[in-house]
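*Asks:* Input: one structure, supplied below.
Only the coordinates and a few stated rules stand behind these numbers; no lab work does. These numbers come from a predicted model, not from an experiment. FYI the Cβ positions are ideal-geometry reconstructions off the backbone, even for glycines, and counts take in every protein chain you see.
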Amino acid sequence: MRDTIDTLEAQPLGDDHWIAVADFCRVCRLELATIVELAELGVVSPSGSMPAEWRLPATALSRLHVASRLMRDLGVNVSGVALALELLDVQRDLERRLRVLERLTTRGDDL
């Protein structure tokens with residue numbers, strides 16, 4: 001008797017992958033109206049003419065998940081979420097720049 005093994009194939013999702021807004025609402029536990037407000041504040045950039053028909057880049061999933069947690073767990077309002085996400089982006093950028101500078105400094109010591 002032969003055992004059958006099922007395999008799953010996964011691919012990383014990037015900016016060229018789009019997901020329906022209804023799926024974002026379900027996965028992130030957000031109301032469509034909240035996602036509309038977040039889009040108006042520039043947190044996400046949907047495509048489509050009507051909010052119910054919007055599609056969002058797959059990369060927005062992590063941002064909307066963080067937004068959901070901030071609102072649900074900490075009671076942050078939509079404007080506060082937009083500000084917090086912007087500050088988190090700045091922090092990540094600064095940390096990336098610091099790592100680059102540290103590598104350059106380490107290489108300079110070796111010369």
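*Asks:* Quick one: work out Rg over Rh on the C-alpha atoms of segment 18-110, Rh as Kirkwood radius.
*Replies:* Rounded to two decimals, Rg over Rh is 1.15.
*Asks:* Using Cβ contacts closer than 10 Å as the measure, can you line up Glu37, Glu102 from fewest to most? Mind showing how you got there, number by number?
*Replies:* Numbers: Glu37 17, Glu102 10.
Going from least to most buried by this count: Glu102, Glu37.
*Asks:* May I pose another question? Cut-off is 10 Å between beta-carbons; in what order do Met71, Met50 appear when sorted fewest neighbours first?
*Replies:* Met50, Met71
*Asks:* What is the list of residues in segment 78-97 whose amide nitrogen lies under 15 Å from a point 7 angstrom out from the Cα of Leu104, following Cα to Cβ?
*Replies:* Only 94-97 fall inside the zone, counting backbone N under 15 Å.
*Asks:* Can I ask one more? What net charge do the residues around Met71 carry, taking every other residue with its C-beta under 11 Å from that of Met71, with Lys and Arg at +1 and Asp and Glu at -1?
*Replies:* Details: positive: Arg29, Arg69, Arg72; negative: Glu31, Glu37, Asp73.
So the surrounding residues net to 0.
*Asks:* Right, here's the next one. In sequence order, what are the phi-derived ³J(HN,Hα) couplings for segment 55-63 according to the Karplus relation 6.51 cos²θ - 1.76 cosθ + 1.60 with θ = phi - 60°, rounded to whole Hz, with x for glycine and proline?
*Replies:* Once rounded to whole Hz, the list reads 10, 10, x, 4, 5, 6, 4, 5, 5.
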